[in-house]
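What follows is a single structure, written as structure tokens, with notes after it.
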Amino acid sequence: MKYGVFSDVHGNLEAFQVALARLKKEGAEKYIFCGDLVGYGPDPEACVKLYSELADKGLVVGVKGNHDALRTHPELQSYFHLEALRVGNWSLDQLSEASLRCISFLPEIVPGKEFTVVHGSPRDPIKEYFATREQYHDLYTRWTGDILFVGHTHIAAYIKGNAEICEIHATTQPQTITLQEGLRYVINPGSVGRPRDYDARAAFGVWDSKAKTFSFIREKYDLAKTQDKMRAAGLPDFLIASLPLGM
């Protein structure tokens, strides 16, 4: 089966629509979401509704990100810098009751036989950034299946290895990797709505469970339209200016 894998939409409707259209074109039959539908971007309600349409059809497995969790985990307020917190709370204020329920009831971790999904890490699903060899070895027994799908860093990358040794690969360009028998993988598809690897294109991927491959994908979207919406909503200038820089 082909799964569309995406993360960190962050209220960017233009990027989300382009990503879903590309995943459909790639033959995705179901979807895996690694957290953060809201925060930073101008269209939180529209993005949650689009996600809800997939969820209502039983097409997506998804988890809660730190921005999604601001209301259910009030202690997170102290982990955000001032402007991010302001936009995070603004995003939640734009949501309907149905959309608030949708993100509030997202699980923190989804364990499975073939794969596990989490926003941060199996140790701290909401806050911890998973990006080092040390974490891979420390957390090796804390997730099930051969693949751990994560988000949160906004950087497309993967770690592969076994209980003794592993290696990290950043994926600055679209590429397809073959998942080797006997190895386990931590895969971050990057961010749909706000990449932080100096490439502004929406980042996401396709996992083909039958062919045992994962394809990292980048796709352009109408970034200027998103920026115009951000200005109209009065969102911080630095968030608007940094978007086309991939920061």
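The values are calculated or read from the model by the stated rules, or taken from the named source; none is laboratory data. Quick caveat, the model's predicted, so the values are computed rather than measured. Keep in mind that these areas ignore ligands, DNA and RNA; they rest on the heavy atoms of the full protein, side chains included. Shrake-Rupley method; radii C 1.70, N 1.55, O 1.52, S 1.80 Å.
Quick notes on this structure:
- Region 169-194-region 105-143 distance, computed between alpha-carbon centres (Å): 15 Å
- Surface accessible to a 1.4 Å probe, per residue, for the residues of region 53-98, Å²: 52 Å²
- Cα-based helix-to-principal-axis angle, 13-25 vs the chain, degrees rounded to 10: 40 degrees
- Contact order for region 1-76, expressed relative to its length and based on alpha carbon pairs under 8 Å spaced 6+ residues apart, stands at 35 percent.
- Pairs exceeding a 32 Å alpha-carbon distance, out of LYS64/LYS113; LYS127/LYS212; LYS24/LYS64; LYS113/LYS229; LYS64/LYS225; LYS2/LYS64: LYS113/LYS229.
- Overall form of region 1-155 per C-alpha gyration tensor (a/c, 1.5; a/b vs b/c): oblate
- The chain, accessible surface, carbon-and-sulfur percent (1.4 angstrom probe): 53 percent
- If you sort GLU134, GLU108 by accessible surface, 1.4 Å probe, largest first, the order is GLU134, GLU108.
- Rounded tilt (10° steps) of 44-56 against the dominant C-alpha axis of the chain: 40 degrees
- With the whole protein complex present, LYS212 retains an accessible surface near 100 Å², based on a 1.4 Å probe.
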